[in-house]
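The values are calculated or read from the model by the stated rules, or taken from the named source; none is laboratory data. Computed from a predicted structure; not experimentally measured. Here the Cβ is made from the backbone with ideal geometry for all residues, glycine too, and neighbour counts use every protein chain on show.
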Amino acid sequence: MAHSYTATVDWQRGTQGFADNKYSRAHTWSFDGGVTVAGSSAPNVLPPPMSRPDAVDPEEALVASASACHMLFFLAFAARKGFTIDRYTDNATGEMAKNDRGKLFVSKITLSPMVLWSGANRPSPADIDALHHRAHEECYIANSIRAEIVITPPASPIA
């Protein structure tokens, strides 16, 4: 089953210089559903005004994509098991390191999901571990990237 996904990334120079390498890296990302998101290089890579701190940078987007993909599979698998989730929050982080060629890459993504369960059918810690394991195994993004993905959920379900 082949799927295709599209995004339009648009950057415009405007009246700023270019050859001096001091141009803004602010741009937009537009998606097929009509959502447009402000994008930029990371401000720790290029300080403002060459970057836009309130925009999404590619590294953040990769971390968010890995987190969201894992969450969507986790929710689906929990629902199939008859568990009820009221809230899922993940403060995911990404770490950069140099690869074997000396190039920086996102080497590790740590997912730290906090899940608020409700209802009479509550998962055991083993159930939660199994849900996370299966979600990780099925996640399209995790299967697409070289970064190590670590999941550090709480040891027991949150009441």
Inset, instruction - Determine if segment 114-124 includes at least one residue that is surrounded by fewer than 14 Cβ atoms within 10 Å (Cβ to Cβ), assigned by TED's automatic domain parsing to the domain that holds Thr6 and in a loop (DSSP other than H, G, I, E, B). - result: no
Inset, instruction - Mind counting the residues in segment 125-143 that are surrounded by 12 or more Cβ atoms within 10 Å (Cβ to Cβ) and either under 17 Å from the mean Cα position of the chain (by Cα) or of a type in the set (A, V, I, L, M) (or both)? - result: 11
Legend entry - Hey, Ser65 surrounded by fewer than 14 Cβ atoms within 10 Å (Cβ to Cβ), farther than 30 Å from Gly17 by Cβ and at pLDDT 95 or above or not: no
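Rundown of residues vs (1) touching a helix residue (DSSP H, G or I) at 6+ places or on another chain (Cβ under 7 Å); (2) at pLDDT 95 or above; (3) among the acidic types (Asp, Glu), yes/no style:
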{"position": "His3", "(1), (2), (3)": "no, no, no"}
{"position": "Thr6", "(1), (2), (3)": "no, no, no"}
{"position": "Trp11", "(1), (2), (3)": "no, yes, no"}
{"position": "Gln16", "(1), (2), (3)": "no, no, no"}
{"position": "Gly33", "(1), (2), (3)": "no, no, no"}
{"position": "Ser40", "(1), (2), (3)": "no, yes, no"}
{"position": "Leu75", "(1), (2), (3)": "no, yes, no"}
{"position": "Phe83", "(1), (2), (3)": "no, yes, no"}
{"position": "Leu111", "(1), (2), (3)": "yes, yes, no"}
Inset, instruction - From (1) within 27 Å of Ala42 (Cα to Cα); (2) touching a residue at least 40 places away in the same chain (Cβ under 8 Å); (3) more than 15 Å from the chain's Cα centre (by Cα), pick out the condition that doesn't hold for Gly102. - result: (2)
Inset, instruction - Residues being of a type outside the set (A, V, I, L, M) and within 15 Å of the chain's Cα centre (by Cα): count how many of those fall in segment 63-99. - result: 13
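Let's see how each residue does on (1) under 23 Å from His133 (Cβ atoms); (2) of a type in the set (S, T, N, Q); (3) out of contact with any strand residue (DSSP E or B) (no Cβ under 8 Å at 6 or more places or on another chain):
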site	(1), (2), (3)
Tyr23	no, no, yes
Thr28	no, yes, no
Glu59	no, no, no
Ser65	yes, yes, yes
Ala78	yes, no, no
Inset, instruction - Tell me, please, whether a residue that is in contact with a Gly (Cβ under 7 Å, 6 or more places away or on another chain) and not acidic (Asp, Glu) can be found in segment 57-71. - result: yes
Inset, instruction - Answer with yes or no whether Ile109 is aliphatic (A, V, I, L, M), under 18 Å from the mean Cα position of the chain (by Cα) and assigned to a strand (DSSP E or B). - result: yes
Legend entry - Residue in segment 30-37 that is outside any loop (DSSP other than H, G, I, E, B) and of a type in the set (Asp, Glu) present: no
